[in-house]
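Peer 1: Starting off with a structure, shown below.
Just so it is clear, none of the values below were taken in a lab; they were calculated from the coordinates. Please read these numbers as outputs of a predicted model, since none were measured by experiment. Using ideal geometry, Cβ is built from the backbone for each residue, glycine included, and neighbour counts are taken over all protein chains shown.
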Amino acid sequence: MKRFSLLAACAFLLAAAPLHAEVRPFESGSVARIRAQHEGRPFILSFWSLDCVHCPKELKALGELKRRHPKVEIVLVSTDTPADADALADFAARQGLAASEQWVFAAPQPQRLRFEVDPRWWGELPRTYFYDAAHRVEATSGIVSGERLARWATEQTR
């Protein structure tokens, strides 16, 4: 009986474990850590928000890209607040991005974070950065088409 109870408790804990990536705080220095973590590998860095009208379409396209090109690394950064972490992770999971690295703005002055990411970025969303293996970067504001995403993924995974 004790073994059954222990087994049931373990099964409950596994079932209660989150099925999505941890949402990390995005602070000063985070973008440098992300770049270093992906050194020598192409990746997509996508900025979005729960309040952004166009972001769901963008995240859905990124989720489809991930499904078709599982080796493509996608890093999501929400411009919301750490209090929204569960909602952010749930939303990303519904778009097929549960396993993607996830961050959320966690600084009192978000404009400083934006400037650190890109001095030419004024906060428009979605904002997507395409890094190739040499970390040459291309920035795009607005929705990126599925065709553009697929073309980039094909070029980077040859």
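Peer 1: Give the Rg (one decimal place) followed by the Dmax (whole number) of the range 24-114, computed from C-alpha coordinates and expressed in Å.
Peer 2: Calculated on Cα positions, Rg and Dmax stand at 12.7, 37 Å.
Peer 1: Within 12 Å, Cβ to Cβ, of residue 65, how many net charges do the neighbouring residues add up to if Lys/Arg are +1 and Asp/Glu are -1? Walk me through the numbers before you get to the answer.
Peer 2: Numbers: positive: 60, 66, 67, 68, 71, 148, 151; negative: 58, 64, 73, 147.
Taking every Cβ under 12 Å from that of residue 65, the sum is +3.
Peer 1: Which of the trypsin sites (Lys or Arg not before Pro) found in the range 44-91 are loop residues per DSSP with 15 or fewer other Cβ atoms within 10 Å of their Cβ?
Peer 2: Values: sites: 57, 60, 66, 67, 68, 71; in loops: 71.
Hits after loop and neighbour filter: 71.
Peer 1: May I ask you to work out the translational diffusion coefficient for the range 74-153 at 10 °C, viscosity 1.306 mPa s, via Stokes-Einstein with Rh from the Kirkwood sum over Cα pairs, reported in whole µm²/s?
Peer 2: Details: Rh = 14.0 Å.
Reported coefficient: 114 µm²/s.
Peer 1: If you don't mind, another one. Please work out the Kirkwood hydrodynamic radius for the chain, using every pair of different C-alpha atoms, and report it in angstroms with one decimal place.
Peer 2: On the way: mean 1/r = 0.0605 Å⁻¹.
Mean inverse Cα-Cα distance, inverted, gives 16.5 Å.
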